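Below is one structure, written out as structure tokens, with a few remarks after it.
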Amino acid sequence: MPTFFVVIRRRGPEWDPARPMEEQTDWPAHAAFMDGLVDDGFVVLGGPLADERRVVLAVEAESEAAVRATLARDPWHAGHLLLDSVDAWTIRLDGRRATRPA
């Protein structure tokens, strides 16, 4: 059964702090890879934190090993982005499925 994981990634040695994210080298390949993970249902939510040095992903996968293997295929893996942590996440509250009053 798929499990949710919270993934923290941070800037790596190839990140150029003088350039915005969309101007980093290999941006088109990274963006296409991440869009594919969203389309596949692997990435549920994702984006940079306010410090813009770290990125958080909420992902759905079979295991931590599957998360790590999937993210290792990212063109930015180990260069522009380093993997800090992968933690299983128990969802207790989920507003996405809640019925809202009219």
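The values are calculated or read from the model by the stated rules, or taken from the named source; none is laboratory data. Model, not experiment: these values are computed from the prediction. We place every Cβ from the backbone using ideal geometry, glycine too, and count neighbours over all the protein chains shown. Protein only, heavy atoms only, side chains kept; ligands, DNA and RNA dropped before computing areas. Shrake-Rupley method; radii C 1.70, N 1.55, O 1.52, S 1.80 Å.
Restricting segment 58-81 to residues that are in a strand (DSSP E or B) and open to solvent by less than 50 Å² (accessible area, probe 1.4 Å), the residue that is nearest to Asp26 (Cα to Cα) is Leu81.
Filter segment 24-45 down to the residues that are under 16 Å from Thr3 (Cα atoms) and not aliphatic (A, V, I, L, M) and list them by number. Asp40, Gly41, Phe42 - these are the residues of segment 24-45 that are under 16 Å from Thr3 (Cα atoms) and not aliphatic (A, V, I, L, M). Has segment 85-92 got at least one residue that is in contact (Cβ under 8 Å) with a residue 40 or more places away in the chain, of a type in the set (Phe, Trp, Tyr), surrounded by 11 or more Cβ atoms within 10 Å (Cβ to Cβ) and in a loop (DSSP other than H, G, I, E, B)? There is no residue in segment 85-92 that is in contact (Cβ under 8 Å) with a residue 40 or more places away in the chain, of a type in the set (Phe, Trp, Tyr), surrounded by 11 or more Cβ atoms within 10 Å (Cβ to Cβ) and in a loop (DSSP other than H, G, I, E, B).
Looking only at segment 4-26, residues that are within 15 Å of the chain's Cα centre (by Cα) and open to solvent by less than 80 Å² (accessible area, probe 1.4 Å) come to 9 in all. Could we say that Leu45 is in contact with a His (Cβ under 9 Å, 6 or more places away or on another chain) and either touching a residue at least 24 places away in the same chain (Cβ under 8 Å) or surrounded by 10 or more Cβ atoms within 10 Å (Cβ to Cβ) (or both) here? The answer is no for Leu45.
Taking segment 35-57 as the range and being in a helix (DSSP H, G or I) and either among the acidic types (Asp, Glu) or under 17 Å from Val86 (Cα atoms) (or both) as the test, the residues that pass are Asp35, Leu37, Asp39.
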